[in-house]
Amino acid sequence: MIKLGIAGACGKMGRRIFELASYDKAFEVTLALERKGTPLIGRELGKLKVSSGPDGIFLIDLLIDFTVPDATEMNLEYVAKYRKALVVGTTGLNESQLKKIEEVSHVVPVVFSPNMSVGVNVLFSLLPEIYKRLGNEYGIEIVEAHHKTKKDAPSGTAKKFAQVLSEVTKQEIPVHAVRLGDIVGDHTIIFSGNSERIEIKHQAHSRDLFALGALKAAKWLTGKPAGLYTMQDVLFK
């Protein structure tokens with residue numbers, strides 16, 4: 001059984017990861033982390049009390065982190081200190097924080113991905129092939145939409161779509177971000193030629209999509225050597 005810690009356990013994603021992991025016999029949730037100063041500290045989440053002490057990472061096997069960049073940066077220090085595996089779904093990380101993930105992956109196994117759904121990761125692989133078949137007469141732009149409280153724009157997923165397409169087109173791919181209502185996550189990749197248009201759309205209907213992906217990554221990562229892995233590794237290798 002995997003002793004699991006969840007950073008941001010009282011957030012929308014963290015709470016869903018907690019709930020799904022609680023029903024999965026592969027996991028025992030033993031740490032629910034939240035940031036210092038939140039009124040949630042000390043409250044019960046299932047049979048656990050919410051903690052602000054990252055030293056509790058010492059007691060787990062693996063940490064799942066869907067928080068904010070500054071919190072993830074701090075958690076990286078503790079998983080490295082205590083040699084614990086890490087699954088990161090945080091987006092909006094800066095270059096320094098991304099470099100720190102890479103550095104920590106030399107010490108512990110890390111799965112890092114801007115999106116943990118099967119469908120999105122299939123698209124990461126397919127989009128360059130679609131472009132190669134269409135040719136450079138087709139312009140490409142990306143439109144993404146998320147809930148109004150999402151802090152980073154464009155999303156990490158949209159940036160990854162743009163990156164994989166930029167690598168094959170050798171051009172910068174425009175990305176347009178929409179923040180409205182309670183949209184879980186929509187991404188549309190538009191290929192437009194002179195007389196036709198192709199739109200490839202991915203819609204997330206529930207946060208369960210990402211929570212289940214994170215738990216799948218946690219199972220896959222357990223026992224792996226130190227290194228930086230992606231959901232492509234988890235799902236397709």
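Values in this text are rule-based calculations from the coordinates and carry no lab data. What you see is a predicted model, and the numbers here were worked out from it, not measured in a lab. Every residue, glycine among them, receives a Cβ derived from its backbone with ideal geometry; neighbour counts consider all protein chains shown.
What the Kirkwood sum gives for the range 112-156 is a hydrodynamic radius of 12.8 Å, with every pair of different alpha carbons counted. Loop-resident trypsin sites (Lys or Arg not before Pro) (DSSP state other than H, G, I, E or B) in the range 1-101 with no more than 15 further Cβ atoms inside 10 Å of their Cβ: LYS25, LYS36, ARG43, LYS47, ARG83. In this Cβ point-charge picture (+1 for Lys and Arg, -1 for Asp and Glu), the range 162-237 has a dipole of about 320 debye about its Cα centre. In this Cβ point-charge picture (+1 for Lys and Arg, -1 for Asp and Glu), the chain has a dipole of about 580 debye about its Cα centre. 3J(HN,Hα) couplings calculated from phi for the range 65-70 with the Karplus curve 6.51 cos²θ - 1.76 cosθ + 1.60 (θ = phi - 60°) are, in sequence order, 10, 10, 10, 10, x, 5 Hz; Gly and Pro show x.
Remark: the GLN232-ILE198 segment gains 9.8 nm on full extension, using 0.36 nm per residue and subtracting the alpha carbon distance.
Counting only DSSP beta bridges with both residues in the chain, the antiparallel share comes to about 40 percent.
Gain on full extension, evaluated as 0.36 nm per residue between GLN171 and GLN97 minus their Cα-Cα distance, stands at 24.1 nm. Farthest toward the positive end of the dipole of the chain, out of ALA177, GLY42, VAL79, is the Cα of GLY42, where the dipole comes from beta carbon charges about the Cα centre. By other beta-carbon atoms within 10 Å, ranking VAL110, VAL178 with the fewest at the front produces VAL178, VAL110. Summing Cβ point charges (Lys, Arg +1; Asp, Glu -1) relative to the Cα centre of the range 1-134 gives a dipole of roughly 240 debye. The ratio of the alpha-carbon radius of gyration of the range 1-68 to the globular-protein estimate 2.2 N^0.38 Å is 0.98. Neighbour counts of C-beta atoms inside 10 Å place SER105, SER113, SER195 in the sequence SER195, SER105, SER113, starting with the fewest.
Out of the GluC sites (Glu not before Pro) in the range 111-212, which ones are loop residues according to DSSP with at most 11 other C-beta atoms within 10 Å? Loop-located and lightly packed - GLU137, GLU172, GLU196. Whole-Hz Karplus values for the range 23-30 come out as 9, 9, 5, 6, 10, 10, 6, 10 Hz, taken residue by residue from phi with 6.51 cos²θ - 1.76 cosθ + 1.60 and θ = phi - 60°; glycine and proline positions read x. Take the range 127-237, drop everything but the C-alpha atoms, weight them equally and run the Debye formula without solvent; then report log10 I(q)/I(0) at 0.13, 0.17 Å⁻¹ to two decimals. Values returned for q = 0.13, 0.17 Å⁻¹ are -0.62, -0.95.
Taking the DSSP bridge list for the range 96-203 and keeping only pairs wholly inside it, about 75 percent are antiparallel. Using every pair of separate Cα atoms, the Kirkwood estimate puts the hydrodynamic radius of the chain at 18.6 angstrom. For the set LYS3/LYS100; LYS3/LYS49; LYS47/LYS224; LYS3/LYS84; LYS160/LYS201, the pairs lying more than 18 angstrom apart at their alpha carbons are LYS3/LYS100; LYS47/LYS224.
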